[in-house]
Amino acid sequence: MIEFSFINHILLPPLLKGVWITIKIIILSAPAGLVLGILIAVGRVYGNRIISFLCTAYTTFFRGTPLLVQLFILYYGLPSVGIFFSPFTAAAIGFILCSGAYHSEYIRGAIQSIKKGQMMAAEALGMNKFKAILYIILPQALRRAIPGCSNEITSLVQYSSLAYMVTCIELTGAGKIIANRYFKYTEVFLVIGIIYLLMVSVVTKFLDMLEKKLKIPGLG
Amino acid sequence: MPEEKKIILQVEDICKKYGKEEVLKGISFEVRKGDTKVIIGPSGTGKSTLLRCINQLTIPDKGKVWLEGEEVTHSKKSINQFRQKIGMVFQDFNLFDHLTALKNIEIGLIKVKGIKKEEAKKKAIEELRQVGLEQQANLYPAQLSGGQKQRVSIARALAMDPSVMLFDEPTSALDPELIGEVLEVIKMLAIKGMTMVLVTHEMGFARSVANEIIFMEEGKILESGPPYKLFNNPKYERTKKFLKKITELYGESDEKND
């Protein structure tokens, strides 16, 4: 039987602290990862050969290696070259870098789906490349990329649990400590699972609303 | 007298190669203020490439372009300053899909010319009225018919107060019943004295509106002259054949009875 007094008094207080850390990680990493993704995607499509190559190398590395390995490098590896991050910072940086790589692929696909004539018309009006990208290409491409980017953000909510592997005690980490102490793995991880489900639902709902709000006839 | 009118656009010896294929083999012509020049010719003869070479959307391999006496090619000035003065209308409209008709016109004014928002809006509405679409100001491109889209795109180019307008087959992507409304707008511009270069297959229209028709074939100007001369007394058999074929195909409904 699930004991409610255990959940209410012993489990929930530390979990809520953990949830707060998780939320902080997400609120920081999701927008920063998206911005990074936009920059990388634009660099890949419109950059010169060097920039384009660097952006491709970036995505290849971060999509091609396990996130956990990336986090270990950031937290356990970098101190050997004199760079120290707090667990929270290491986790946040890792998530930003990783989700940026995934976002960039969704956004790149969306940019490449925009008809060439859009850029041509912008340039014919006298816009430079930068303005054309900012005012004409990205507003269209980002709308098209919303479903893919939403997917990445909901994944981020879930893989934020890896933060505890670099000793950043967020939701999963907080739960694991309690579970270990009381040997109540089922209850603890069931509750944690429900909390993740709630968070993902809220994020999904928010992103759906955003997509609807930004919807333009004939685009998307 | 036409000879005394100021030269707006001058094109000299434009050449362009794509790989081994020579698309343009030395094109030269000039356009004077208020002129309407119509470029005709079989498809694949480089007419669209020529227009794009004028505002450097395609960089020619050789040749020079002057706009109002200033050299556009090899200029120290940014090409964007010239492009503002060269309005361009595309075959497939290229309206910005995420912006309403009104915003499509405003954006160049605000982001390129740096005009204040309220002023830009006023100007944009005025331009929409000119092409008869002020009722459609808040519709997105996907909500407009082809003819309406093309009229908005003409208004977008006009709003920049260009010295010359380039039209790249402006009616070729339209359903037949929508061609008239677009030609009507272009005709109105001609009457108002806008300087224009058009690539088109609408021979009736060319005949009634152009001061000069340029017949291009295989990347060269084969012959050029006023419409009556080209239609009634062309120098080359090839010109005659082309005009006959294209007139049969597109009709002459727009011909003026003069």
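We did not get these values from a lab; they are worked out from the coordinates using the rules stated. Everything quoted here is computed from the prediction, not taken from an experiment. Here the Cβ positions follow ideal geometry from the backbone for every residue, glycine too, while neighbour counts run over all protein chains shown.
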**Request:** Just report the Cα centroid separation between the stretch B:48-78 and the stretch B:150-198, whole Å.
**Result:** 21
**Item:** Per-residue ³J(HN,Hα) for the stretch A:143-153, Karplus 6.51 cos²θ - 1.76 cosθ + 1.60, θ = phi - 60°, Hz, x for Gly and Pro
**Value:** 4, 5, 7, 3, x, x, 5, 4, 4, 5, 5
**Prompt:** Relative to the compact globular guide of 2.2 N^0.38 Å, what is the alpha carbon radius of gyration of the stretch A:126-181, as a ratio?
**Reply:** 1.94
**Prompt:** At each listed q (0.11, 0.15 Å⁻¹), what is the log10 of I(q)/I(0) that the Debye formula gives for chain B modelled as equal alpha-carbon point scatterers?
**Reply:** -0.60, -1.12
**Item:** Evaluated over the stretch B:169-240, the Cα radius of gyration and Dmax, each in Å
**Value:** 13.0, 35
**Message:** Taking only Cα atoms of the stretch A:180-220, what ratio of Rg to Rh do you get with Rh as the Kirkwood inverse-distance radius?
**Reply:** 1.39
**Message:** Using just the Cα positions, wrap chain A in a convex hull and report its mean projected area in square nanometres, one decimal place.
**Reply:** 14.9
**Choice from A:Glu123, A:Glu152, A:Glu170 with maximal GNM fluctuation in chain A (Cα, 10 Å cutoff)** = A:Glu123
**Prompt:** Share of Cα-Cα pairs in the stretch A:54-135 beyond 14 Å, in percent?
**Reply:** 71
**Order of A:Arg143, B:Arg129, A:Arg108 under a 10 Å beta carbon neighbour criterion, fewest first** = B:Arg129, A:Arg143, A:Arg108
**Request:** Fewest Cβ neighbours within 10 Å first, please rank B:Leu128, A:Leu214, B:Leu178 accordingly.
**Result:** A:Leu214, B:Leu178, B:Leu128
**Asked** What do you get for Rg/Rh of the stretch B:1-151 when both radii come from the Cα atoms and Rh is the Kirkwood radius?
**Response** 1.01
**Prompt:** So in chain B, what percent of DSSP beta bridges are antiparallel if you round to the nearest 5?
**Reply:** 55
**Prompt:** Counting other Cβ atoms within 10 Å of each Cβ, which chymotrypsin sites (Phe, Trp or Tyr not before Pro) in the stretch A:74-124 have at most 10 and sit in a DSSP loop?
**Reply:** A:Phe84
**Message:** Report the Rg/Rh value for the stretch B:130-258, based on alpha-carbon coordinates and the Kirkwood definition of Rh.
**Reply:** 0.99
**Residue of B:Glu21, B:Glu106, B:Glu30 that the Gaussian network model of chain B assigns the largest fluctuation, springs spanning Cα pairs under 10 Å** = B:Glu21
**Asked** By counting other Cβ atoms within 10 Å of each Cβ, how are A:Trp20, B:Trp66 ranked from fewest to most?
**Response** A:Trp20, B:Trp66
**Item:** Kirkwood hydrodynamic radius (C-alpha pairs) into Stokes-Einstein, the stretch A:1-69, 37 °C and 0.692 mPa s, D in µm²/s
**Value:** 214
**Prompt:** Pick from A:Ile137, A:Ile38, A:Ile177: which is most flexible by mean-square fluctuation in a GNM of chain A where alpha carbon atoms under 10 Å apart are linked?
**Reply:** A:Ile177
**Request:** Report ³J(HN,Hα) in whole Hz for each residue of the stretch B:173-189, in order, from the Karplus equation J = 6.51 cos²θ - 1.76 cosθ + 1.60 where θ = phi - 60°; Gly and Pro get x.
**Result:** 9, 9, 5, x, 6, 9, 5, x, 5, 6, 4, 4, 5, 5, 4, 4, 5
**Request:** Would you compute the Debye intensity of the protein assembly as shown from its alpha-carbon atoms alone, equal scatterers and no solvent, and pass along log10 I(q)/I(0) at q = 0.06, 0.07, 0.12 Å⁻¹ to two decimals?
**Result:** -0.41, -0.52, -1.03
**Request:** Between the alpha-carbon centers of the stretch B:200-248 and the stretch A:1-60, tell me the distance in whole angstrom.
**Result:** 64
